[in-house]
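Take a look at the structure set out below.
The values are calculated or read from the model by the stated rules, or taken from the named source; none is laboratory data. Just so we're clear, the structure is a prediction, and the values are computed from it rather than from any experiment. Positions of Cβ are backbone-derived with ideal geometry, glycine not excepted, and every protein chain shown enters the neighbour counts. Just so you know, the surface numbers come from the protein's heavy atoms only, side chains and all, with ligands and any DNA or RNA stripped out. Shrake-Rupley method; radii C 1.70, N 1.55, O 1.52, S 1.80 Å.
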Amino acid sequence: MSNRPGTFALTQEFFTPNVVIVPVEDFEEAMQVAGASEYGLSMSLMTDDFRKMREFKVLGRCGLKYVNLPTIGAEVHLPFGGMKRSGTGMPSAAWLFNYMCHATAFTVNYAEEIRMAQGLSAEV
Amino acid sequence: MPSKTIEPQTRQGREYIAGEWKPHRQELEVLNPSDHSTIGAVPVSQVESLDRAVAAANDALDTWGNHLKWSWVRRAEVVDTWVQHVRKHQAELAFLMAVESGKHLDESRADVVEAIHMLQYCAGRGRQPIGERVASEIPDKEAEIYLAPRGVCTVITPWNFPAAIPTWLIGPALVCGNPVVFKPSEETPLTAQYLVRLFDLAAREHGAPPGVLSLVHGPGQVGEHLVRHPDTVGQLFTGSHGVGSKVKQIAAAHYDKFAVCEMGGKNSLIVLEDANLELAVNAAILSAYKTTHQRCVSSDLLIVQKSIEPEFTRRFLEVTDRVRFGDPLNAAFLAGPLINRKAVDKFEDCASRIEEECEDRLRQGGGRARATSSVPTSSGCPIVRGPLP
């Protein structure tokens, strides 16, 4: 890979209007550079190649993936949140609803005797 | 039409605890990032207030989070009323946000619309299936997954989505039965307060228990006290990696805490040689410059296949030259100023470090001359090309 790994430009979040253009040989090198930081929030791929789109969907290690769209532009009913250093994969509407509740098991026996699961003996 | 004025009561920060608004000594000035003029001020919530807010939230949990007393549907109805108030006041909220955060009015409007969408989604969930019936091995046994509220949540949010992000976190927490103590960014406390005032209207209309949502103000220590508090369970945070990591560590060390953290990114836009270049350039401009690159999803890296890189770069530079940052209320600008002086310093530092690493400076950073105004001109934005030396 021609791009030096570990540099500030390739690994640290700018959060200010600075931009680095990184020329690469091909899609594989592009994915390598894009995935080189510890963050994993958003990524875009500009292409009409449907096979590359699928590889991008499967291999991209981030929470938001866009094809032929900017890296900005979330909608509330879709997941939002990062992998890796970017976060715990939330907030996101539907999934946050599950996470904000404690899932508990509630079971009721309607018989006059106790029967146990897994064939466990209930004799006392 | 957006409101052109901000009412005195909107400018004055107050705590909202146990359903009551309390004025306090105003300690933190809220500045307009465009010209650093003072918009208003907020108190710094003291430990006593924070503990009262947590106690009120736990009191509210006994009603709000108790399905013998309050149903899912009823909770969702409170949120439904809330969103109706937000819709009525969306122009005022967007204007306040543009002035307080520096987000362009166009983006501020979209931020409020996003908040509305999120609250609509949360209200709609009130009548969706909750939990599941599952089969048992035993014919006479019935089994169910019952969803119980988790407990009182701390919500700590950043300045860059002053309405949308709070609703992303507060909406689901409330509908699921978890009372919230909310500490917004000290950069945008007035937008947050406006949102909470509209919640207060809804809560009163429905007779919701006081304390189901509290608002406190202040810097990081205020949030830290809430996160460490033994009676807060959920720690819902969006912001920097440094603070988020601390939130996760505090939560991990306590037997009953959990953390939901979203903490920034290092985002890339990849352009392959078969791409529609006009579309790619526009996508790159929006990714790099909307909200003056102060979104967690803004693109730092434009990774371009070599065969088309010179042409892509030529066009990207051409459009960048037309990009202007400035007054968020003026439609001529794409985006507003940087949020504060610290962000301007970061902009300068970041530009210097990138320029040191990259030999090929396509566009020299020149923001230094404008450092006092928080507005990096388009010509102040450096663009460099790798491969890096």
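Summing charges over neighbours of residue B:147, with a neighbour being any other residue whose Cβ is under 14 Å away from its Cβ, gives +2 when K and R count +1 and D and E count -1.
The Cβ shell under 11 Å around residue B:55 holds other residues with a net charge of -3, Lys and Arg each +1, Asp and Glu each -1. Ranked by the mean number of other Cβ atoms within 10 Å of their residues, highest first, the peptides A:96-108, B:45-57 fall in the order B:45-57, A:96-108.
Find how many whole Å separate the alpha carbon centroid of the stretch B:264-297 from the alpha carbon centroid of the stretch A:88-124. Centre-to-centre (Cα) distance: 45 Å. The three principal axes of the Cα atoms in chain B give end-to-end lengths of 70, 59, 43 Å, sorted in falling order. Among the DSSP helices (H) of chain B, those spanning at least 15 angstrom by Cα along their long axis with an average Kyte-Doolittle hydropathy of 0.5 or more are B:90-101, B:164-175, B:277-289; this is a geometric and hydropathy rule only. Is the shape of the stretch A:1-88 best called rounded, prolate or oblate, per the rule: a/c under 1.5 gives rounded, else a/b larger than b/c gives prolate, else oblate, with a ≥ b ≥ c the square roots of the Cα gyration tensor eigenvalues? Oblate. Which distance in Å, rounded to a whole number, links the C-alpha centroids of the stretch B:44-81 and the stretch B:82-158? Comparing the Cα centres of the stretch B:44-81 and the stretch B:82-158, I get a distance of 15 Å. Inter-label distance, residue B:132 to residue A:78: 2.6 nm, where each label sits 7 Å from its Cα along the C-beta direction. What the pair-distance distribution of the protein assembly as shown shows, using all Cα-Cα distances binned every 20 Å from zero, is 23, 51, 23, 4, 0 percent.
Placing a label point 7 Å from the Cα of residue A:102 along the Cα-to-Cβ direction, the residues of the stretch B:212-244 whose backbone N falls under 16 Å of that point are B:230-235.
Kindly work out what percent of the DSSP beta bridges joining two residues of the protein assembly as shown are antiparallel, to the nearest 5. Don't skip to the end; give the middle numbers.
Details: 28 of 67 bridges.
Percent antiparallel among DSSP bridges in the protein assembly as shown is about 40.
In chain B, the DSSP beta bridges split such that about 40 percent are antiparallel, to the nearest 5.
Using a probe radius of 1.4 angstrom, the carbon and sulfur fraction of the accessible surface of the protein assembly as shown is 52%. Among B:265-278, B:117-130, the peptide with the highest mean count of other Cβ atoms within 10 Å heads the list, and the full ranking is B:265-278, B:117-130.
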